[in-house]
Amino acid sequence: MTRILSAISLLMLVAYPASATSFWLSPYGTELGSTQPTSFGEVPTIYNFDTQNTGSVYVWAQTDIGETLKNWSLRVKSTNASVLSFTDSTVYNPDLFTANDVRWEYTTEPTSSSEISDDFNGFTLSTDPSNLGHGIGPSTPTDDPFYYGPNDGSGSWLMAKLDYSIDTPSGTTQLFLQIGALGLNNAGETSADTQVLFGHTGDTPFADAGTSNRHTDGSNLLDAEVQVLSEPDSDFDNDTFVTGADFIIWQQNNGTVGSGTQPNGDATGDGDIDEIDLAAWEFQFGDIIPLMGLETFTVPEPATWVLTCLALSGLLVIGRRSLSR
């Protein structure tokens, strides 16, 4: 009987893995970033180019099953100080039913200037769910403009944006989410009672979301990587404009290894036609590429139809190809 009970308990553990409040990083602050990576291979690479001076990474969250996240404090660390410096942060705290009806009664959006971001956080101090400070979770309003998911509140919440300056023309750095100085907790729980998961769903949750679990680099798998690459040329049809026609050329030749050329969709000149060239095209979409050189001009975000093209290609969310720990 003891063996049978043990076997049943083991099966229950396999069938019902430990859940946790999850946070992950994404290059997108739209619905495109609202899907949590499910494996290390899906952890995103964020491509920047040496014609850029700044970049951004977005923080997303999904609450533990049936739980409401009331208080949270986070930071992000870059492992290569020569690549980027965090400069600013934005905590998303939209008005819900009224101007006084929000996620967090108290937020901090610090300015930083190092490879470790200052703590950014949101706190729900009210205990009255009809008043200020709902937190996020199944019991909170889903008319939140930065919420993506079903009506039961179990979807994904855009939490914050971190801005950084790009300090090198070429380089790579790993990004790690960390618990901030004030920890985080669900409603009715202390930090010691609250489990938190960073990165992808296959990683190991922290059983205690207190400040002793900083999640420094090396304690878990990385949560994102930033690569700074040389200036690309995404004008594949060489008409001096980067448009949807260039995307079609890239799409037709995507997957070419070693023999790619610029007219066939290789924007970076490495001989491969892949997701890096897609990122280059997205970055340069709308630019004018003069025939005499690759001077580029600042333009607005890609239009909705462009994002639709990318989504149809199945390659908009850029995952990692390989990375040694």
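The values are calculated or read from the model by the stated rules, or taken from the named source; none is laboratory data. In this text the structure is predicted, and so the values were computed from the model without any measurement. Cβ placement follows ideal geometry from the backbone for every residue including glycine, while neighbour counts extend to all protein chains displayed.
How many residues are buried (at least 18 other Cβ atoms within 10 Å of the Cβ) and closer than 15 Å to S89 by Cβ if we restrict to the stretch 103-117?
4
Quick test for you: out of N131, N80, N100, pick the one residue that is in the same structural domain as L221 (by TED's automatic domain parsing) and either closer than 18 Å to K161 by Cβ or in contact with a Leu (Cβ under 9 Å, 6 or more places away or on another chain) (or both).
Numbers: N131 fails: either closer than 18 Å to K161 by Cβ or in contact with a Leu (Cβ under 9 Å, 6 or more places away or on another chain) (or both); N80 fails: either closer than 18 Å to K161 by Cβ or in contact with a Leu (Cβ under 9 Å, 6 or more places away or on another chain) (or both).
So the residue among N131, N80, N100 that is in the same structural domain as L221 (by TED's automatic domain parsing) and either closer than 18 Å to K161 by Cβ or in contact with a Leu (Cβ under 9 Å, 6 or more places away or on another chain) (or both) is N100.
Listed here are the residues, each with its yes/no results for (1) under 24 Å from T79 (Cβ atoms); (2) in a loop (DSSP other than H, G, I, E, B); (3) in contact (Cβ under 8 Å) with a residue 24 or more places away in the chain.
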| residue | (1), (2), (3) |
| --- | --- |
| P169 | yes, yes, yes |
| T172 | yes, no, yes |
| L175 | yes, no, yes |
| L182 | yes, yes, yes |
| T201 | yes, yes, yes |
| T204 | yes, yes, no |
| T211 | yes, yes, yes |
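So, of the residues in the stretch 100-127 that are among the acidic types (D, E) and more than 21 Å from the chain's Cα centre (by Cα), which turns out to be farthest from A187 (Cα to Cα)?
The initial filter retains those residues of the stretch 100-127 that are among the acidic types (D, E), namely 101, 105, 109, 115, 118-119.
When the remaining residues are screened for being more than 21 Å from the chain's Cα centre (by Cα), the result is 101, 105.
Values: D101: 18, E105: 15 Å.
Only one residue fits best here, namely D101.
Could you list, in sequence order, the residues of the stretch 127-151 that are on the phi < 0 side of the Ramachandran plot, surrounded by 14 or more Cβ atoms within 10 Å (Cβ to Cβ) and in a loop (DSSP other than H, G, I, E, B)?
P129, L132, H134, P138, S139, T140, P141, T142, D144, F146
Is the stretch 67-79 home to any residue that is more than 19 Å from I179 (Cα to Cα) and out of contact with any helix residue (DSSP H, G or I) (no Cβ under 6 Å at 6 or more places or on another chain)?
Applying the first criterion (more than 19 Å from I179 (Cα to Cα)) to the stretch 67-79 yields none.
No, the stretch 67-79 contains no residue that is more than 19 Å from I179 (Cα to Cα) and out of contact with any helix residue (DSSP H, G or I) (no Cβ under 6 Å at 6 or more places or on another chain).
Looking only at residues that are in contact (Cβ under 8 Å) with a residue 12 or more places away in the chain, of a type outside the set (S, T, N, Q) and assigned to a loop (DSSP other than H, G, I, E, B) in the stretch 184-199, which one is farthest from F123 (Cα to Cα)?
G199
Scan (1) within 10 Å of the chain's Cα centre (by Cα); (2) modelled with pLDDT under 50 for the single condition G29 breaks and write down its number.
Tallying (1) within 10 Å of the chain's Cα centre (by Cα); (2) modelled with pLDDT under 50, G29 fails exactly one: (2).
Name the single residue, out of those in the stretch 62-99 being of a type in the set (A, V, I, L, M) and over 14 Å from A209 (Cβ atoms), that is nearest to the chain's Cα centre (by Cα).
The first filter runs over the stretch 62-99 and keeps only residues of a type in the set (A, V, I, L, M), leaving 65, 69, 74, 76, 81, 83-84, 91, 96, 99.
Filter again for over 14 Å from A209 (Cβ atoms), leaving 65, 76, 81, 83-84, 91, 96, 99.
Details: I65: 21, V76: 11, A81: 20, V83: 18, L84: 16, V91: 14, L96: 24, A99: 28 Å.
So the residue we want is V76.
Under 8 Å between Cβ atoms, which residue pairs at least 6 apart in sequence (or on different chains) link something in the stretch 241-256 that is part of a helix (DSSP H, G or I) with a partner that is of a type in the set (D, E, K, R)?
Cβ pairs passing all conditions: A245/D237; A245/D239; D246/D235; D246/D237; I249/D237; W250/D277.
Looking only at residues that are of a type outside the set (S, T, Y) and over 11 Å from the mean Cα position of the chain (by Cα) in the stretch 43-61, which one is surrounded by the fewest Cβ atoms within 10 Å (Cβ to Cβ)? Outline the logic, then answer.
Within the stretch 43-61, the subset of a type outside the set (S, T, Y) is 43-44, 46, 48-50, 52-53, 55, 57, 59-61.
Now restrict to residues that are over 11 Å from the mean Cα position of the chain (by Cα): 48-50, 52-53, 55.
Numbers: N48: 23, F49: 22, D50: 15, Q52: 15, N53: 9, G55: 18.
The selected residue is N53.
In the stretch 62-79, which residue that is farther than 23 Å from G149 by Cα and of a type in the set (S, T, N, Q) is surrounded by the most Cβ atoms within 10 Å (Cβ to Cβ)?
Residue satisfying both the conditions and the ranking: S78.
Would you say N121 is part of a strand (DSSP E or B) and more than 22 Å from N151 (Cβ to Cβ)? Talk me through it step by step, then tell me what you get.
Working: part of a strand (DSSP E or B): yes; more than 22 Å from N151 (Cβ to Cβ): yes.
In short, yes.
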